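First up is the structure itself, then whatever we jot down about it.
The values are calculated or read from the model by the stated rules, or taken from the named source; none is laboratory data. Computed from a prediction, not measured in an experiment: that's the story for all the values here. So basically every Cβ, Gly included, is an ideal-geometry build from the backbone, and we count neighbours across all protein chains shown.
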Amino acid sequence: MKKNKAQKGYLLIELMVAISVFVIGILGFVGLLSNSLSLNREVADKFTANYLAAEGIEITKNLIDANILGSISGLNPWNDGFAGDFSRQRACFEVDYTNDRNDVFPIAPCNNNTTAREYLKFSSSTGYTYSSGDFTPFRRLIRISHQGGGPIVGDNYIKVDSIVTWQGRGGSLNEIKLEDYFFNSK
């Protein structure tokens, strides 16, 4: 059987085309995998921020509960003592579960543009705190306010905003804000 001169090199061209298609397919898969991993990181950050915001609300509730227990003996109003100064209409603070009343970090001035000044740290033994561990991109601010316009102490309800901010992929600034209302039970 005699080979035609026009058929010479077809096997090499077919092999190069097959390898090119295979490489393009692999690169597409690697690109998808890379995007999937980066989206997974974004979702993990949002989940963590949501947890930290919910924890801020819970910490505030625990402080209110401690005030209620103290007010039974006539020591504290039900909504006193979060940042030491509730003579204003609004008060902001940073606090974690390892802090006691004397270790909260007050923020001044408190306005709608305020962000927490301290980054939370993470340690596998203590979780998210301000005191020990590796720095994280998360900041948490807890804002106490009410709609009445007067001082917070003595009011029958307060609004609590727990705001967590962090810098995400590509330098984007992200924020999760949870709010809750607490009412005087007396």
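Could you pull out the residue among THR48, THR115, THR126 that is more than 24 Å from PHE183 (Cβ to Cβ), of a type in the set (Val, Ile, Thr), modelled with pLDDT of 80 or more and surrounded by fewer than 17 Cβ atoms within 10 Å (Cβ to Cβ)?
Numbers: THR48 fails: surrounded by fewer than 17 Cβ atoms within 10 Å (Cβ to Cβ); THR115 fails: modelled with pLDDT of 80 or more.
Answer to the selection: THR126.
For region 22-48, enumerate the residues that are without any contact (Cβ under 8 Å) to a residue 60 or more places away in the chain and of a type in the set (Gly, Ala, Ser).
Our first condition is that a residue be without any contact (Cβ under 8 Å) to a residue 60 or more places away in the chain; within region 22-48, this holds for 22-37, 39-40, 43-44, 47.
Scanning region 22-48 gives GLY25, GLY28, GLY31, SER34, SER36, ALA44.
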